[in-house]
Amino acid sequence: MADYLEKRRQLYYAVLTVPKALQAVLGLRFVKSTGTGDKRRASIIASQLVAGWKLQIEQAKGNDTGFLADAIQFRADIENELDAEHRDTLESVLLDRVSTLEQSQGFTQAKQFYDVAMGTQTPHSLYFDNWKSQLTISPRTAEQYAKDVKVFIEQFPVIEDVNKKGVSLWLDGLSAKGVSRDTQLRIIKGCRNYWKYLSRYNIKGMVEQPFNQVILADKGKKKAPREPFEPHEIVELWSMAKSRQEDTLADLIALGAYTGARIEELCSLMVKDVSEDVFNIIDSKTSAGVRAVPIHSHIKPIIKRLRDGSQDGYLLPNLTVGKFGDRSNTMSTRFSKLKTKAGHGHTKVFHSLRHTLVTTLVNAGVMEFHIADIVGHEKKGVTGNVYAKAISIDVKRVAIEKVSYPFPELT
């Protein structure tokens, strides 16, 4: 801190040079007397003055560094200072900072700054990163939780401001903005996890779980149901992919059409899990999704070509791996662009191929629980328990061969 101190006669002054680009706005440098000739005391005062000036510089640059970060530093300095006189000095500097903040930012932010610095309010930044790092869920889900909790924190910057009524009003506001009920439920799930973590620390003024038994307004955008593709539309998409020399995408479309498998299931298929006659899907998002699917006779030439040509062990080779280790994101994006170019809206996605196959099997008279075994759906209800055991691969093969599309010969 000596770099920010200048001694003039009997007193020390805090000084900080302003970056050249901002000198027209803020002046050449900040200078203020610490009011003392005691270097230790002057250093304490100067550290807080300089912190405030640096915050002004960042704000002048257009960077929102979060004024509460400075309040947290005040809090730590006050709590760690054992000398009563020096602690009084820090609190005096704090009052000066609060006065300046009130003039520039208003009473509400100035009071919040003071409460955080004095330890009567607790910003989420003290706990958020540690909460995120200890999550034991999948990386993708953890990332979504963190994004959702940040939305919550933007509304409630300090923990003591959170209460059940405030949370309900906030969720009503999300509904009014068109945020769907499903999205709100997802946000609540992440926030509930975060609040459960905070409860370990017995934070004074923190309410019990404010996200339990929340009543959501029945408003907001409702997702339009996904629609199946017509068989000729699937062939058109496949033909477009072939004409654009997107052969892997064309193969993916054909496999999806004849298996009803999810895109992530197909993209993660290993060659070792595919024989001449059967896909063994072992990487699925549900236990019911782990299954054996017979290979339709129309796509056997594609399967042979892919198995023989694979050099990385995957049936669909050389796909880009996403940050969470998935191989389907890039292909999903490519399919989305293709179907949009073909004139299909948001209700038709890759998953719609699955709907098409299910619809085709239903229309062909295949039993519901045989279809569930083929596409990896859960079997529910009393009847589901009766048919809980997987049907034979031969029965599935008879069913899958009832599926037909107006493709040219696939090779």
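Each value in this text was obtained by applying a stated rule to the coordinates, not by laboratory testing. What you are looking at is a predicted structure, and each value in this text was computed from that prediction instead of being measured. With ideal geometry, Cβ positions are generated from the backbone for all residues, glycine too; neighbour counts draw on all protein chains shown.
Descriptive notes on the structure:
- Here the chain is treated with +1 on each Lys and Arg Cβ and -1 on each Asp and Glu Cβ, and its dipole about the Cα centre works out to around 440 debye.
- Histogrammed with a bin width of 10 Å, the alpha carbon distances of region 182-248 distribute as 15, 24, 16, 16, 16, 11, 2 percent, first bin at zero.
- Acute angle (nearest 10 degrees) that the helix 164-176 long axis makes with the longest principal axis of the chain, alpha-carbon atoms: 60
- Evaluated over region 319-363, the Cα radius of gyration and Dmax, each in Å: 13.0, 40
- The mean sequence distance of close C-alpha pairs (under 8 Å, at least 6 residues apart), as a share of the length of region 231-400, puts its relative contact order at 26 percent.
- Per-residue Cβ neighbour rank within 10 angstrom, fewest leading, 107, 152, 74: 107, 152, 74
- The Kirkwood hydrodynamic radius of region 271-411, based on inverse pair distances between different Cα atoms, is 17.0 Å.
- The chain - mean residue ellipticity at 222 nm from DSSP helices (-39,500 (n - 2.57) per run, n ≥ 4, rounded to 500): -16500 deg cm²/dmol
- Flagged links, alpha-carbon separation over 18 Å, of 150/189; 300/396; 242/396; 147/348; 242/341: 242/396; 147/348
- Leading residue at positive end of dipole, the chain (Cβ point charges), from 248, 320, 211: 248
- Crossing angle, helix 39-61 versus the chain [Cα axis fit, 0-90 degrees, rounded to tens]: 50
- The ranking of 39, 339, 204 from fewest to most other beta carbons within 10 Å of each one's beta carbon is 204, 39, 339.
- Between the helical axis of 84-105 and the longest alpha-carbon principal axis of the chain there is an angle of about 70 degrees.
- On the principal axes of its alpha-carbon atoms, the chain has extents of 97, 49, 37 Å, going from largest to smallest.
- All-pairs alpha carbon distance profile, region 2-121, 10 Å steps from 0, percent: 13, 42, 36, 9, 0
- Sorting the Cα pairs of region 60-189 by distance into bins of 5 Å, from 0 upward, gives 2, 9, 15, 17, 16, 15, 11, 8, 4, 2, 1, 0 percent per bin.
- Kirkwood hydrodynamic radius of region 297-373, Cα pairs, Å: 15.3
- Alpha carbon Rg of region 125-201, scaled by the compact-globule rule 2.2 N^0.38 Å: 1.08
- Relative contact order [Cα under 8 Å, 6+ residues apart], the chain, whole percent: 11
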